[in-house]
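Inspection log for the structure reproduced underneath, given as structure tokens.
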């Protein structure tokens, strides 16, 4: 098979186009337009992939900062973020209120249980007192005896206390300051 000049030219042109396309393909992939960024970002936003949408839109805004479509979607994303934050704050406040209500209810229940237990204990004591009146008197006498024993002093302690008070005691002489220095004849009136 013979290659003609015509075939050679075709082969050369095709090989040149192939080499050119291999070098130009990455440049075409990198060289996106503002509409490409907008459409990708909008698609991500529609499919609720907010992080990817935000990344795509802001990447497009770095390349094309004056594009109205990209700016509009960026504002929309900011509004969506603000609404999400408000919703999160409201949910947190509601959860906090519910927790507060639960804890308040628990405190009320605990207080009620304590009061009921105190009532039961009081009733039990009253029943025991009615069943054993002599025993109650014995308990009272015993506690009174313990209190009296605590208040008693030994003779040595009493002696030490009196000695310490003797040192501190001094005779106070009363000399009125508003009396005349020379007593007058007759009685002195002090009223």
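The values are calculated or read from the model by the stated rules, or taken from the named source; none is laboratory data. Worth saying up front: this structure is predicted, and the values here are computed from it rather than measured. Cβ coordinates were reconstructed from backbone atoms using ideal geometry, including for glycine residues, and neighbour counts include every protein chain displayed.
Mind checking whether some residue in the range 71-81 is surrounded by 10 or more Cβ atoms within 10 Å (Cβ to Cβ), within 31 Å of the chain's Cα centre (by Cα), at pLDDT 90 or above and part of a helix (DSSP H, G or I)?
Scanning the range 71-81 turns up no residue that is surrounded by 10 or more Cβ atoms within 10 Å (Cβ to Cβ), within 31 Å of the chain's Cα centre (by Cα), at pLDDT 90 or above and part of a helix (DSSP H, G or I).
All but one of (1) free of Cβ contacts under 8 Å to residues at least 12 places away in the same chain; (2) over 28 Å from the mean Cα position of the chain (by Cα) hold for residue 90; state the number of the condition that does not hold.
Every listed condition holds for residue 90 apart from (2).
Could you check residue 65 against (1) in a helix (DSSP H, G or I); (2) loosely packed, with under 13 Cβ neighbours inside 10 Å and say which number it fails?
(1)
Residue-wise test of (1) at pLDDT 90 or above; (2) farther than 30 Å from residue 50 by Cα.
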site	(1), (2)
83	no, no
89	yes, no
94	yes, no
98	yes, yes
107	no, yes
114	no, yes
121	no, yes
126	no, yes
129	no, yes
